[in-house]
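**Q** This is the structure, below, for whatever I ask next.
The values are calculated or read from the model by the stated rules, or taken from the named source; none is laboratory data. What you see is a predicted model, and the numbers here were worked out from it, not measured in a lab. Cβ: placed from backbone, ideal geometry, glycine included. Neighbour counts: every protein chain shown. We work out accessible area using only protein heavy atoms, side chains counted, and drop any ligands, DNA or RNA first. Shrake-Rupley method; radii C 1.70, N 1.55, O 1.52, S 1.80 Å.
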Amino acid sequence: MNKSLNIPSDLIKAVNESFKNMRDSLKIIPEYLVELANLGWFISLDLTPRETGEICLKIKENNIQAIDNYMVDYVVHKIDRVEKEVIKAFPKRIKPLEAGFRAYRKKEYYLSIPVLIAQIDGICKDSFEQYFFTSNKNKKKKTRKKFSDLNYNEILNAFFTPTGEKINISKNKDEFQDAKHKVYNRHEIMHGIDNDYGNKINCLKIISLLDYIVQITNPKKY
């Protein structure tokens, strides 16, 4: 005869509270990821929930310096892995990708950044039939819908949120001028408007985006 499990009521309450907190977190994480993207940074699925929570707290506090410090350390320590994964995912792009990472390591950021931006655009064009760096709201919605239609779990859907939003790095000239945070902008770099983009932190931001792009173009892996 089956015996009922005698689970302490305080344990049941704790578990229910934990699930409630998780659901609540999944509701607000997307907006934090968009805010992070507006600062030029992107996270990947290798972050633990605790680490994601730490970043969200820094965003909530509007502590830009703390966010930059955290993300610089986070990206620097996985450069080699990102390079290997992106080349494995897109082997036909090996020459420009290797050149971009080689320039980063030589601190030639003015060379590395535009090369990697061009590759991100090309990867997204191949994968989604449109460029990542677009300010067209309808195109952004179409990209986001590609993921919604696949019915991924809540965590993945939250992770994909920035793909469907107009963010500072993709805005056109007029929109970017009114942006709250002044970060690198694809249009200004690739059209020779911004001549001061070549620094390490901008290059790391681009590499964080490249890492993110690898994951959103290969979501079934996760």
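**Q** State all residues of segment 184-200 that are open to solvent by 30 Å² or more (accessible area, probe 1.4 Å) and aliphatic (A, V, I, L, M); if no residue qualifies, say none.
**A** Quick first cut of segment 184-200, residues open to solvent by 30 Å² or more (accessible area, probe 1.4 Å) only: 186-187, 190-196, 199-200.
Within segment 184-200, 190, 193 meet the criteria.
**Q** Across segment 37-52, what is the number of residues that are in contact (Cβ under 8 Å) with a residue 40 or more places away in the chain and buried (at least 19 other Cβ atoms within 10 Å of the Cβ)? Don't jump to the end; show me each part of the working.
**A** If we filter segment 37-52 for residues that are in contact (Cβ under 8 Å) with a residue 40 or more places away in the chain, which is where we start, we get 37-45.
From what is left, the residues that are buried (at least 19 other Cβ atoms within 10 Å of the Cβ) are 37-44.
Qualifying residue count, segment 37-52: 8.
**Q** Among the residues of segment 12-52, which ones are in a helix (DSSP H, G or I), at pLDDT below 85 and of a type in the set (A, V, I, L, M)?
**A** 12, 14, 15, 22, 26, 28, 29
For (1) of a type in the set (Lys, Arg); (2) over 14 Å from the mean Cα position of the chain (by Cα), each residue gets a yes or a no:
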position	(1), (2)
42	no, no
45	no, no
58	yes, yes
62	no, yes
75	no, no
82	no, no
92	yes, yes
105	yes, yes
113	no, yes
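**Q** Can you run down the residue pairs with Cβ atoms below 8 Å, 6 or more apart or on separate chains, where the first is in segment 126-141 and of a type outside the set (Phe, Trp, Tyr) and the partner is open to solvent by 90 Å² or more (accessible area, probe 1.4 Å) and modelled with pLDDT under 75?
**A** That search, which allows pairs on different chains as well, returns 130/139; 130/142.
**Q** Given 67, 113, 79, 123, which one is surrounded by fewer than 17 Cβ atoms within 10 Å (Cβ to Cβ) and out of contact with any strand residue (DSSP E or B) (no Cβ under 9 Å at 6 or more places or on another chain)?
**A** Numbers: 67 fails: surrounded by fewer than 17 Cβ atoms within 10 Å (Cβ to Cβ); 113 fails: surrounded by fewer than 17 Cβ atoms within 10 Å (Cβ to Cβ); 123 fails: surrounded by fewer than 17 Cβ atoms within 10 Å (Cβ to Cβ).
None of the other options fit; the residue is 79.
**Q** Take the conditions outside any loop (DSSP other than H, G, I, E, B), open to solvent by less than 20 Å² (accessible area, probe 1.4 Å) and without any contact (Cβ under 8 Å) to a residue 40 or more places away in the chain and apply them to residue 55. Does it pass?
**A** Values: outside any loop (DSSP other than H, G, I, E, B): yes; open to solvent by less than 20 Å² (accessible area, probe 1.4 Å): yes; without any contact (Cβ under 8 Å) to a residue 40 or more places away in the chain: yes.
Spelling it out, residue 55 is indeed outside any loop (DSSP other than H, G, I, E, B), open to solvent by less than 20 Å² (accessible area, probe 1.4 Å) and without any contact (Cβ under 8 Å) to a residue 40 or more places away in the chain.
**Q** Of the numbered conditions (1) in contact (Cβ under 8 Å) with a residue 12 or more places away in the chain; (2) touching a helix residue (DSSP H, G or I) at 6+ places or on another chain (Cβ under 6 Å); (3) part of a loop (DSSP other than H, G, I, E, B); (4) open to solvent by 70 Å² or more (accessible area, probe 1.4 Å), residue 107 fails exactly one; give the number of that condition.
**A** (2)
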